[in-house]
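Heads up: the structure comes next, in structure tokens.
Just so it is clear, none of the values below were taken in a lab; they were calculated from the coordinates. This one's a predicted model, so the numbers in the text were calculated from it and none came from an experiment. Every residue, glycine among them, receives a Cβ derived from its backbone with ideal geometry; neighbour counts consider all protein chains shown.
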Amino acid sequence: MTTTESRETRLGQLFVRLADNLAEDFDIVDLLHDLVISCVDLFDVSAAGLMLVDGGDQLRVLAASSETTRLLELFELENQQGPCLECFRSGVPVVSTSTADQQSRWPVIAPQLKSRGSSRVYAFPLRLREQIIGVLDLFGSPGSALGAAEPPIVQSLADVATISLLQHQASEACARLATQLQTALTSRIPVEQAKGVIAQFASVDMDRAFTALRGYARRNQQSLTAVATDIAAGRLGPGTVTSSG
């Protein structure tokens, strides 16, 4: 199997996972983490992040490929500028491939992008027709960039993720989209708490802590949120998670 075939296979598998929202153990948090991590694996970018709107129509960080990326996304929200905010407000993809362009468009955010080596940024709306429920961000270093044919593929991934979220919400009796997305955002809290517990116990950084957490959940066929909640509540020891990797 060639590298291209392997990449195409992985991309096809990702589309299937995004579309499979009928399983009883469907976990929005895990699904969207899968999306951002897979984007880094499949495309020539160094990091990815994803934001969703909460019940008050405000963007919140839900998934990131690394702790550094999560902090950058939070910095965007705090300062109300950057590729995510521009994409969310306009409803169209945002592309910036030079530090000069970023300085002109987002003067507060640009130094943070430069310090992280993210000279190329892409933002894609999670949208269905006129409804926008979030944004997918990709960050590339000076030597990396999306190919000419790849932005439409990334947008398609974002579109399928959007449809999956909306269809899952619609399949639940008496559920509303705002409630479903708010639940996903709330589920992020025990994930962050569990990462901190594991990081402190094992003396590792937050990225490695998340890798251990997610790996344990998958090996034991449990949802990421359920495992994180057990760790945060003290029902599952961090040593169990780190020793089973």
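Data for the structure
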item: Test: residue in the stretch 65-78 that is farther than 30 Å from L224 by Cα and of a type outside the set (S, T, Y); result: no
item: Any helices (runs of 4 or more DSSP H) falling wholly within the stretch 78-120 and containing at least 3 residues that are under 20 Å from the mean Cα position of the chain (by Cα) and closer than 14 Å to M51 by Cα; result: 83-90
item: Of the criteria (1) within 26 Å of D207 (Cβ to Cβ); (2) surrounded by fewer than 24 Cβ atoms within 10 Å (Cβ to Cβ), which one D137 fails; result: (2)
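Here is a yes/no grid of residues against (1) in contact (Cβ under 8 Å) with a residue 40 or more places away in the chain; (2) out of contact with any strand residue (DSSP E or B) (no Cβ under 6 Å at 6 or more places or on another chain); (3) within 27 Å of R208 (Cβ to Cβ):
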residue	(1), (2), (3)
L18	yes, yes, yes
L42	no, yes, yes
V53	yes, no, no
C84	yes, no, yes
